[in-house]
Amino acid sequence: MTLLKRLVRHTMMIASGILLVVGLETAYFHFFRGYDAVFSWYQPGAFLLTGFFCSMPGLLLTDGDGKRRSFFRLRIVLHWLLLFGVVIGMGFVFEWYSDRFSCGVIALAYLLVYPLVWIVTYWMDKKDVREINDALKTIQDDE
Amino acid sequence: MLVQFEIVTDKEQEGAWIRAVEKNPQIIEAIRLLEGNAGRIAVMRDGQKLFCDVRTIYYVESVDKRTFVYTKDGCYETKLRLYELEEELGPLYARCSKAMIVNLRKVRQLNSEMGGRLCATLLNGEDIVISRSYVKEIKRRLKLS
């Protein structure tokens, strides 16, 4: 997959994840607190922009490199921290927090979205892997 | 076995079709010959110049501008660069990361792991990491896309 395709795919996945969390949050406020959330005109764009910025560290940090697996965990931690910085930073820029509690909600949302994106990526990779494994069986050497 | 030869005008149209009851060693050898990788490459071990049958290669790795060839028997060094070997070895020797070429015939299976990592287990049990950016090329070489 080309770099641009991966960037677009990750941007859309992350933006969808944010939208899902925001949707759940606004539904909670509507049904249990009795009021509707109001968004500024730029918020949908902010979700997309956040998705884009979140996909950037992914390109730098998630590629495997030969046999060196030892740095993988460190890369994941770095990736997680960088993304967390992006999400919290974007929250301040786009005024997503009215108080500490709402900042905590965003942090919690991040904790939910992060594994969700990996699960979706894992599921999509499974299809590729299955196809490749079937093809490998036909050319495999006997040893 | 009946052998037919047909002249085509375009390089893209070149190809070979083998129809056989089973994929026996002779057929496998013929496939290898047609794929153009039945040769040997010059390698070195302990200062001794040797030739390595490309069919025995598991993977080739570049470390600090030196190129190492790994087979079931061990590791050899070659003067050839990774990009030169990529052309020399044939279509079933695919780049799997910036510094590595893997012999797809020696891959037992690929595994998708949590965290977006793809691993290949080789026939000797060794695991190597497949860089996601090379998956498309591997699929193309396996005629999957």
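Within region B:124-143, restricting attention to residues that are more than 20 Å from B:Glu88 (Cβ to Cβ), buried (at least 17 other Cβ atoms within 10 Å of the Cβ) and touching a residue at least 24 places away in the same chain (Cβ under 8 Å), the residue that is nearest to the other protein chains (Cβ to nearest Cβ) is B:Val129. In region B:1-16, the residue that is farthest from the other protein chains (Cβ to nearest Cβ) out of those that are among the charged types (D, E, K, R) and part of a helix (DSSP H, G or I) is B:Lys11.
Listed by position, the strands (runs of 3 or more DSSP E) inside region B:17-69 whose residues that are exposed (fewer than 13 other Cβ atoms within 10 Å of the Cβ) and of a type outside the set (Asp, Glu) number at least 3 are B:48-53. Taking the listed residues B:Leu118, B:Leu110, the one that is part of a strand (DSSP E or B), modelled with pLDDT of 90 or more and facing chain A (nearest Cβ under 8 Å) is B:Leu110, with no other qualifying. Here is a check on your reading of the model: is B:Tyr83 assigned to a helix (DSSP H, G or I), more than 7 Å from chain A (Cβ to nearest Cβ) and surrounded by fewer than 18 Cβ atoms within 10 Å (Cβ to Cβ)? Taking the combined requirement at face value, the residue satisfies it. Taking the numbered list (1) over 10 Å from the mean Cα position of the chain (by Cα); (2) more than 11 Å from chain A (Cβ to nearest Cβ) in turn, B:Lys72 passes all entries but (2).
The values are calculated or read from the model by the stated rules, or taken from the named source; none is laboratory data. What you see is a predicted model; the values in this text were computed from it and never measured. We place every Cβ from the backbone using ideal geometry, glycine too, and count neighbours over all the protein chains shown.
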